[in-house]
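Working notes for the structure below.
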Amino acid sequence: MQTSPLMISGILRHAEVAHPDREIISRLTDGSIWRYDYAAFAERVRRCANMLRTMGVGPGDRVTSLAWNTHHHMELFFAVPGIGAVLHTANPRLSDDQIVYTIAHAASRVFFYDPNLAPLVERLRPRLEEVRAFIPLDADDGKDAARSRAAAYEQLLAAASPQLDWPQFDENEAAFLCYTSGTTGNPKGVLYSHRSVVLHAITAGLSSALGFSAFDCIMPCQSLYHATAWGLPFVAAINGCKIALPADRFDGASLQQLIQDEGVTFSGGVPTIWTMYLDHLQRTGETTGSLRQIVIGGSAVPRAMAETFQNYGVQVRQIWGMTEMSPLGVLSTPTPKLAEAGSDICDDVIWTRQGRRQFGVELKIVDDKGLELPSDGQSPGSVMVRGPWIIERYYRSEASALDADGWFDTGDIATIDQYGFMRITDRSKDVIKSGGEWVSSIDVENVAVACSGVRFAAVVGVYHPKWEERPILIVETHDGATVTIEAMLAHLQPHMPRWWLPDAVIFENIPMTATGKIDKKTLRERHARCLAQEDTGA
Ligand code: ADP
């Protein structure tokens, strides 16, 4: 058999010849809409690659993007790795110090950014001494170019040749450099290779996973800078899907407009975005239109959210993964065995479990001694993974991130049930141990968020003089809604053991991390001593 390397440029070439007239549309940060097809996209990607070469970017060099979900960013997704360079997708929602840290750690020399991030870039610029070129991803009106003291993207592109024979090289060469969001210390870099990106993209499109067809229009609402948005630009290009990119406008009204105008069938993202979208539908009385499926992940999906979408006729699937896994791990698509169990069980499993194994990711749960636990839905253990798009070691680290048998410890705690579906009960760093017993923060949150009037709910463990740690519940209500402590406890009580009930219920705005997840670290710190005076009962 032939041994042609798996190249990201191979995905581009396929898209250009197999479905050249399928559309890519993008909102820009000024609100306008850009529209072209895969053929025109491929031509601009070649120009972009030539432009990079003219600037002296070569194989192995790192290029940073600080950009939203736009066609410009997607062009960099193909052009930078296409010539053998590495795209470091910086996260604009990190702190200044963390952004500077990742760019210095990546040792990037060229930096592309969206125009509405110019104030942030101006602030960072004096600290980015190694960066040679700052290029705004703007239209060619020269305004942003003047400010950045450099030519802008569109000018450079227009001057570059559209002719290019994509180079072939070892498929194990690096393509992307993605950083974790650094919830526990400095962000850590993970290098994705051409091989891992292509294999991940092929598998992600399968019917057991995202299940895309050429009739789909995909609107990625997970950020392109966060683990390459589940590789959706590549999955879409392989499967001939139309793409609708929302830039940085993830509010309900903007998403609804794209869905209606472009016939979006599929979207995905973290739960917070879909909370905002459902708020919008409830306020306006609008419906979900062409939307057929939403895949939600990044943190646990509240059951109430899945049910509400079902009532609108939209299927919700849960996905689980992480930056270290490119990011796809498991996805909750139905199986015949589950269907035979009846629709109640089927819905319950699909909505409340993170998902089932996908080809390419070996997965097991183990106890404290590393022994594999049974798939009985009862025994929680550490989730270990292994496979061709799973990390081997962090970028610039001497040590392998794996155990002696090549397994990566994900830091998540889960059970696996008789249907083969995994249910995350906690992250190991969020685990609450009260009097030696585990309380599942995710289970309590899921019930709390289903209480009428509740927008977000977070459960964290704080110090308790008798029990070492006890859960407290922090609640953010919908605008204008009132929820009392008594009503919340009465709502929780029937669904959990008594000792899982939170010792305090606090109403306040819930902070989010740079990747749109509830910031439990801040909440833990903020309320660390709130139970310190509790009676020890001694
Ligand atoms: P980090 O937040 O550490 O930077 P990621 O953004 O890659 O890393 O997030 C990975 C983590 O998000 C997982 O380890 C897991 O704890 C959590 N996560 C992802 N998907 C889900 C899900 N569907 N349900 C619950 N937790 C999830």
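The values are calculated or read from the model by the stated rules, or taken from the named source; none is laboratory data. Quick caveat: nothing in here was measured; it's all calculated off a predicted structure. Reconstructed Cβ throughout: ideal geometry from the backbone, glycine too, with neighbour counts over all protein chains shown. We work out accessible area using only protein heavy atoms, side chains counted, and drop any ligands, DNA or RNA first. Shrake-Rupley method; radii C 1.70, N 1.55, O 1.52, S 1.80 Å.
Observations on the model:
- Sum of side-chain charges, Arg27 neighbourhood, beta-carbon under 13 Å (Lys, Arg +1; Asp, Glu -1): -4
- Rounded to the nearest 10 degrees, the inclination of helix 8-18 to the longest alpha-carbon principal axis of the chain is 70 degrees.
- Length added when fully stretched, Arg125-Asp344, from 0.36 nm per residue minus Cα-Cα: 73.3 nm
- Estimated dipole of the range 442-526 in Debye, rounded to 20 [Cβ of Lys and Arg +1, of Asp and Glu -1, Cα centre]: 160
- Rounded accessible area of Lys188 (nearest 10 Å², 1.4 Å probe): 90
- Over the range 8-249, relative contact order from alpha-carbon pairs under 8 Å, at least 6 apart, %: 25
- The chain - accessible surface per residue (Å², probe 1.4 Å): 40
- Computed from the alpha carbon positions, the gyration tensor of the chain leads to an equivalent ellipsoid with semi-axes of 39, 25, 25 Å, biggest first.
- Other residues whose C-beta falls under 12 angstrom from the C-beta of Phe408 contribute a net charge of -4, scoring Lys and Arg +1 and Asp and Glu -1.
- Working from Cα pairs under 8 Å separated by at least six residues, relative contact order for the chain is 10 percent.
- Relative contact order (%) - the range 442-526, alpha-carbon pairs under 8 angstrom, separation at least six: 31
- List Asp479, Asp61, Asp21, ordered by accessible area with a 1.4 Å probe, largest first: Asp479, Asp21, Asp61
- Whole-percent carbon and sulfur share, accessible surface of the chain, 1.4 Å: 49
- For the residues Asp251, Asp519, Asp97, Asp138, a 1.4 Å probe over the protein chains yields an accessible-area ranking, largest first, of Asp97, Asp251, Asp519, Asp138.
- The figure for Arg526 is an accessible area of roughly 120 square angstrom, using a 1.4 Å probe on the protein chains alone.
- Take the Cα of Lys337, step 7 Å toward its Cβ, do the same at Asn186, and the gap between the two points is 4.5 nm.
- Debye equation applied to the C-alpha atoms of the range 25-134, log10 I(q)/I(0) at 0.09 Å⁻¹: -0.23
- Annotation: the antiparallel percentage among DSSP beta bridges lying fully within the range 442-526 is about 75.
- For the range 8-249, the equivalent ellipsoid derived from the alpha-carbon gyration tensor has semi-axes of 25, 20, 18 Å in decreasing order.
- On Cα atoms only, tilt of 38-54 relative to the major axis of the chain in degrees: 70
- The solvent-accessible area of Ile350, taken with every protein chain present and a 1.4 Å probe, is close to 10 Å².
- Above-threshold pairs, the threshold being 24 Å between Cα atoms, out of Lys242/Lys517; Lys337/Lys429; Lys433/Lys517; Lys369/Lys466: Lys242/Lys517; Lys337/Lys429; Lys369/Lys466
- Net charge, Ser223 excluded, C-beta distance under 13 Å - Lys, Arg +1, Asp, Glu -1: +1
- Sequence of Arg396, Arg13 from largest to smallest accessible area, 1.4 Å probe: Arg396, Arg13
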